[in-house]
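Where a number appears in this text, it was derived from the coordinates with a stated rule and is not lab data. Please read all numbers here as calculations on a predicted model, not as lab measurements. Note that each Cβ is placed from the backbone with ideal geometry, even for glycine, and that neighbours are counted across all protein chains shown.
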Amino acid sequence: MSPSERPVAVVGAGAAGLLAALTAARTGAPVVLLERTSDGGRKILISGGGRCNILPSVPHPERFVTDSSAHVLKRILRSWPLAEQRAFFEHELAMRLVVEDETGKLFPESNRARDVRDRLAQRVREAGARVWLDATVRGVSPPTEGTPRWRIDLDDAPTLEAAAVVLATGGLSVPATGSDGIGIGIARGLGHEIRPTYPALTPLLADPPVHADLAGISLTVTIQAPGARPRFSTTDGFLFTHRGYSGPSVLDASHLAVRSGLAGRERQPLTVRWTARDFDAWERDLTEGRGAVGTLVGRALPARLADRILHEAGVAPTESLARLAREPRRRLAALLADYPLPWTGDEGYRKAEVTGGGVALEEVDPRTLESRRHPGLFFCGEILDAFGPIGGHNFQWAWATGRAAGAAAAASLSASDPR
C-alpha cells in the first residue's frame, strides 16, 4: 500500500465487517479488511443450519436485549429500515430472498449460506477493498501528536497505519469460527465502558439430565419467565436434547437463565406451556371431555411427552375423564400449561449464537457508530452491547451497524488528514 494512502482499516470479516468494508470501499475510500481466519464469514456459513437466515420478515426492536440505552438501540436499528436492507440484498447484491412461511424468516433462494458469504466477499473485492486473510490483530493504538494515524499491530506483519478503524471483531460466541473477544479487550484498553459479557442464545442444560429419555422430541411451545422484568414470553420451537433443552424458544429465553447464574441470584424460573391451551382451557377440557385422560392429552402432545406429564401428575393414561378428581385434574392442567423447566446450566459460548454485553451504546454516536472517546474509531456488530432474538434479527443488527460504521469511517478520512 502506498504511504500516501490513508485507509479505513476494518478489523473482522464477519457479517458486520463485510458490510462496513463494502460500504466504505464503494465511496472510493481506500479500505483494508483484516481477517484472522483463512476465509472469514464463518458465522454466516453456519447460520440457519447452513442456509443463512439473512433477515426477519418483520422487525421486532422491542425484543432486542441491551444493558445500555434502549432508545439508542432503536435509533440505530431505524437507521437502515428492514425493507431497505432486503432491497439491498435483492437488488444491489442480486440475491433473491424468500420467506419461510412457518417462521417468517428470510433466506436466500438457493438456501445456501455460502452463497451469501461469497457474494459479500466478492463485492468487497470488486469495490476495491484489499482483503488480508490470516491477519491476526494484536493491538490498536490511537493517533498521537508524533504519530497522527491509527496503528494496528499484527502478528508476522508490519504495523498497519490507518486514518480510521472499524472494529467488527464480534464477541466470544462460537470460538471455533474465530471469535476470541479481542476487540472487546481493545475497546476496554482504549477506555470504553464495557457491559459485562455473557453467552446468549445458547442451549440450556439439566444436571442430572432428567428428560434425556425425551431426547429428539420437538414441538412448538410458549416459554415464560415468572418474575422477569420486563415480562418475557416467547413462542417457538422446543427440542429435548440428551443434555437438556434447545430450539429457538429455549435460545431466546437463555439470556435470562444465564444472567441469573452470573449474578449469583436464585436461578430464573422458566415455565413451558406445551400447547396453545392455557390452564383454564386445559381444566375445562379435562372436566368436560369424554373418554380416557391419556387419549385427550395424547392428541395434543407427542406420545412420550404425554406419558411423562401424566406420570408426573400421578394420573393413569387409562383414567376416565369423567372420574378424574379435582386435585389431580388441576395438577395435570398446571403441568400442561405451566410446566417448571428444571434447568441447571447452559452450553456457554461454545454453542451460543451471540454474545450479550459489549461496548456500551452510550460510548458511540448512534448516527455513525463512532467512538465518543476516540474520533476515527468505529464499532459495529456483535462487539456492541445489543442482541436480538432468533430469526435473522442479529444479522439485521450486523448489516445496519456495519453499513453505518463503514459509511461514517469513509467520510471521516478528509477530517483525519494528517498533512
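Compute the angle between helix 279-288 and the longest alpha-carbon principal axis of the chain, please, reported from 0 to 90 degrees and rounded to the nearest 10.
Taking the Cα atoms of the chain, the angle to 279-288 is about 30 degrees.
Quick check: from the Cα gyration tensor, does the chain come out rounded (a/c under 1.5), prolate or oblate?
Prolate is the answer for the chain, as a/c is 1.5 or above and a/b outweighs b/c.
Less than 13 Å Cβ to Cβ from Arg299, Lys/Arg counted +1 and Asp/Glu -1: what total charge do the surrounding residues give?
+1
Ordered by packing density, taken as the mean number of other Cβ atoms within 10 Å over each peptide's residues, highest first, how do 115-125, 26-36 rank?
Details: 115-125: 19.6, 26-36: 22.7.
So the peptides 115-125, 26-36, ranked by packing, come out 26-36, 115-125.
Using the per-residue mean of other Cβ atoms lying within 10 Å as a proxy for protection, in what order, highest first, do the peptides 262-270, 329-337 fall?
Put in order of decreasing packing, that is 329-337, 262-270.
Rounded to the nearest 5, what is the percent of antiparallel bridges among the DSSP beta bridges in the chain?
Around 75 percent of the beta bridges assigned by DSSP in the chain are antiparallel ones.
Just to confirm my numbers, what's the Cα centroid distance between segment 342-387 and segment 193-219 in Å?
21 Å
Quick check: the distance between the Cα centres of segment 95-122 and segment 7-39, to the nearest angstrom?
About 21 Å separates the Cα centre of segment 95-122 from the one of segment 7-39.
What angle do you read, to the nearest 10 degrees and between 0 and 90, between the alpha-carbon axis of helix 393-411 and the longest principal axis of the chain?
10 degrees
Check which residues have an amide H placed less than 5 Å from Leu55's amide H, if you skip close sequence neighbours.
Leu106
Run through segment 70-103 and list the trypsin sites (Lys or Arg not before Pro) located in a DSSP loop whose Cβ has at most 16 other Cβ atoms within 10 Å.
Sites meeting the loop and neighbour criteria: Arg96.
Roughly how big is segment 279-340's charge dipole about its Cα centre, with Cβ charges of +1 (Lys, Arg) and -1 (Asp, Glu), in debye to the nearest 20?
That gives segment 279-340 a dipole magnitude of about 140 debye.
Local charge sum around Thr169 (other residues, Cβ-Cβ under 11 Å, Lys/Arg +1, Asp/Glu -1)?
-2
To the nearest 0.05, what FRET efficiency results for Asp180 and Glu288 with a Förster distance of 51 Å applied to their C-beta separation? List each step's numbers first, then the result.
Details: r = 59 Å, r/R0 = 1.15.
Plugging the Cβ-Cβ distance into 1/(1 + (r/R0)^6) gives 0.30.
Taking only Cα atoms and a 10 Å spring cutoff, compute GNM fluctuations for the chain and point out the largest among Pro108, Pro158, Pro199.
Maximum fluctuation in the GNM of the chain, among the listed residues, is at Pro158.
As a check on your grasp of the helix formula, calculate [θ] at 222 nm for the chain: sum -39500 (n - 2.57) over DSSP H runs of n ≥ 4, divide by the residue count, round to the nearest 500. Write down the numbers at each step before the final one.
Numbers: 12 runs with 129 residues, N = 419.
Only helices count here, giving -9500 deg cm²/dmol.
Under the rule of at least 5 residues apart or a separate chain, name every residue whose amide H is placed under 5 Å from the amide H of Val364.
Residues meeting the criterion, in which the H sits 1.01 Å from N, are Arg372.
Once you put a point 7 Å from the Cα of Ser320 and another 7 Å from the Cα of Thr235, both along the Cβ direction, what distance in nm separates them?
A separation of 3.6 nm, rounded to one decimal place.
If I fit a long axis through the Cα atoms of helix 303-313 and take the longest principal axis of the Cα atoms of the chain, what angle between them do I get, 0 to 90°, rounded to 10?
Taking the Cα atoms of the chain, the angle to 303-313 is about 70 degrees.
Sum up the charges of everything whose Cβ sits under 15 Å from the Cβ of Pro226, counting Lys and Arg as +1 and Asp and Glu as -1, but leave Pro226 out.
Residues near Pro226 contribute +2 overall.
Peptides 347-360, 54-67: what's the order by average Cβ count within 10 Å, highest mean first?
347-360, 54-67
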